[in-house]
Amino acid sequence: MPKSLLWIISIVVGLVLIFWLGTKINPRPFSVFPKESQDIRTFTLPEGLPEPVEKFYQEVYGAELPVIETFILTGRGKLRFQGISLPARLRFTHAAGKDYRHYIETTLWGIPILKVNEHYLDGKSRLALPFGVVENEPQVDQAANLGLWSETLMFPAVYLTTPGVRWEPINPNSAGLIVPFKDGEDRFTVYFDEQTGLIEKMEAMRWKEAGDATKTPWQAQALAWGEVQGWQMPILFAAQWMDEDTPWLVAQIEDVIWNVDVSNYIKSVGE
């Protein structure tokens with residue numbers, strides 16, 4: 001084999017190894033959000049909920065549930081982009097049950113290389129990716145609405161305080177969660193762990209790409225429950241298309257604040 005070809009092969013292998021090693025380095029977390037969580041009001045768990053739903057709320061909150069108006073989740077994880085999984089740090093901002101903003105940075109060797117700014121405001125989605133912007137797509141709006149409600153699992157009391165949301169019985173270990181979308185509704189099937197009573201996953205039919213002819217089965221997975229800032233919530237969260245073998249997003253929730261004014265922040269970009 002010619003020496004020049006050996007050099008080329010060695011360089012390619014070296015670059016691949018450097019890239020692979022870079023994907024093993026976790027990024028530093030985002031800076032602490034410069035506002036402090038506010039006091040909360042509470043309400044009593046309503047009667048008449050499906051059996052697994054009532055058990056779930058009693059396990060997470062007890063008899064008194066919080067009124068959550070806004071929340072901001074900060075963490076790190078993995079994001080698959082164009083078939084490649086990269087380390088990521090993220091901040092998700094919610095006006096509970098209404099709007100959200102996602103800011104994600106993927107990193108290599110801990111250095112940000114790709115940034116995602118996604119807004120879902122007033123029922124409209126705008127996704128700013130490194131290689132273009134997706135907006136004014138009704139199918140993407142519907143997908144974003146499902147994302148909004150799946151992430152609300154971090155503060156599930158919001159399901160009981162938002163008009164148009166309701167639970168429906170299915171069986172002892174699952175229930176239907178009906179959520180509003182524009183002038184209509186969308187539906188999740190929610191599965192509960194038989195032993196702990198906590199939610200394991202939420203499944204829905206979701207548009208995968210703008211222009212698709214049919215929806216694709218999709219699920220939000222609560223891979224692990226734990227405590228963050230005194231709240232019991234999924235500390236390891238994943239999102240997966242069910243025609244794929246692995247999640248496209250895995251997020252470890254490391255910090256949360258609640259009931260702060262996000263009216264300007266939710267419309268901005270960046271950290």
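Given the alternatives (1) 35, 21, 19; (2) 35, 24, 18; (3) 29, 25, 18, semi-axes √(5λ) of the Cα gyration tensor in Å as computed for this entry is given by (1). Dipole check for the chain: with +1 at the C-beta of Lys and Arg, -1 at the C-beta of Asp and Glu, and the Cα centre as origin, the magnitude is about 1220 Debye. Under a Gaussian network description of the chain, with springs only between Cα atoms under 10 Å, the residue in 186, 212, 261 that fluctuates furthest is 212. When only alpha carbons are used to place a centre, the range 153-178 and the range 72-119 end up 26 Å from one another. Once the dipole of the range 3-267 is set up with Lys and Arg at +1 and Asp and Glu at -1 on Cβ about the Cα centre, which of 125, 49, 114 lies farthest towards its positive end? Final value for the positive-end residue is 114.
Summing charges over all other residues whose Cβ lies under 13 Å from the Cβ of residue 135, with Lys and Arg as +1 and Asp and Glu as -1, gives -2.
For the chain, averaging the sequence separation of C-alpha pairs within contact (under 8 Å, six or more residues apart) and dividing by the residue count gives a relative contact order of 20 percent.
With the simple spin-label model, which puts each label point 7 Å out from Cα in the Cβ direction, the residue 24 to residue 216 separation comes to 3.0 nm.
Placing unit charges on the Cβ atoms only, positive for Lys and Arg and negative for Asp and Glu, gives the range 64-124 a dipole magnitude near 340 debye about its Cα centre. Each stretch of four or more DSSP H residues adds -39500 (n - 2.57); spread over every residue of the chain, this sum gives -5500 deg cm²/dmol at 222 nm. Think of the range 163-271 as a dipole: +1 on every Lys or Arg Cβ, -1 on every Asp or Glu Cβ, centred on the Cα centre; then among 179, 259, 240, 179 lies furthest on the positive end. Across the range 196-237, the residues whose backbone nitrogen lies under 20 Å from the label position 7 Å along the beta-carbon direction of residue 82 are 209-210. Magnitude of the charge dipole for the range 132-266, about its Cα centre and with charges confined to Cβ atoms of Lys, Arg (+1) and Asp, Glu (-1), is about 280 debye.
FYI, it's all coordinate maths here, none of it is from the lab. Predicted model, so just to flag it, every value in this text is computed and none were measured. Because the Cβ atoms are built from the backbone with ideal geometry, glycine has one as well, and the counts that use them run over all protein chains shown.
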